[in-house]
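Okay, structure first, notes after.
The values are calculated or read from the model by the stated rules, or taken from the named source; none is laboratory data. None of the values given here were measured: they were computed from a predicted structure. Cβ atoms come from the backbone with ideal geometry, glycine included; neighbour counts cover every protein chain shown. What goes into the accessible areas is simple: the full protein's heavy atoms, side chains included, and nothing from ligands, DNA or RNA. Shrake-Rupley method; radii C 1.70, N 1.55, O 1.52, S 1.80 Å.
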Amino acid sequence: QVQLVESGGGLVQPGESLTLSCAASGIPFSRYALSWYRQPPGKEREPVASISPGGATIYVDSVKGRFTISRDNVKNTTSLQMNSLKPEDTAVYYCRVLDGTTPWGQGTQVTVSS
């Protein structure tokens, strides 16, 4: 059974950091590109960062320089390190395996607030 489980979210103050993790099972993880998405309250889900099987990365402008996506093909995990967090980063964060069929996981809530 294919499963994606996100973790690591929480409540932080502006300027602080969090690292999110996503563990995948039931899929040949290392073959596929991976992405992190987020859905702010009342907004559409949007892509944040992607990483290729070989480790090439791409980021949306709003997080470039603050967030870092990584992957561990042995552990079947992807991480999103988030630094200098802003209130507008508040969202439910999801990982995605770009095979076209793997369903979304449950997401993990990140709240940035004073």
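Ordering Ile51, Ser21, Ser7 by the projection of their Cα atoms onto the charge dipole of the chain, which places +1 on the Cβ of Lys and Arg and -1 on the Cβ of Asp and Glu, puts Ile51 at the extreme positive end.
Between Val112, Gln81, Pro40, the Cα set farthest toward the positive side of the dipole of the chain (charges on each charged residue's Cβ, about the Cα centre) is that of Gln81.
Using a 1.4 angstrom probe on heavy atoms only, work out the carbon and sulfur share of the accessible area of the chain in %. Could you put the intermediate results ahead of the total?
Numbers: 2860 of 5920 Å².
The C+S portion of the solvent-accessible surface of the chain is 48 percent.
Restricting the range 45-94 to trypsin sites (Lys or Arg not before Pro) that sit in a DSSP loop and have at most 13 other Cβ atoms within 10 Å of their own Cβ leaves Lys64, Lys75.
Using a probe of 1.4 angstrom and keeping all protein chains present, the accessible surface of the chain works out to 52 square angstrom per residue. Here r is the Cβ-Cβ distance between Leu11 and Asn73 and R0 is 41 Å; the resulting FRET efficiency, rounded to 0.05, is 0.85. Counting only Cβ charges, +1 for Lys and Arg and -1 for Asp and Glu, the dipole size of the chain around its Cα centre is about 160 debye. Computed from backbone phi, the HN-Hα couplings of the range 90-107 come to 4, 4, 8, 9, 10, 9, 8, 8, 8, 9, x, 10, 5, x, 5, x, 7, x Hz, rounded to whole numbers (Karplus: 6.51 cos²θ - 1.76 cosθ + 1.60, θ = phi - 60°; Gly and Pro given as x). Dipole size of the range 2-53 about its Cα centre, with +1 on Lys/Arg Cβ and -1 on Asp/Glu Cβ: approximately 140 debye, rounded to the nearest 20.
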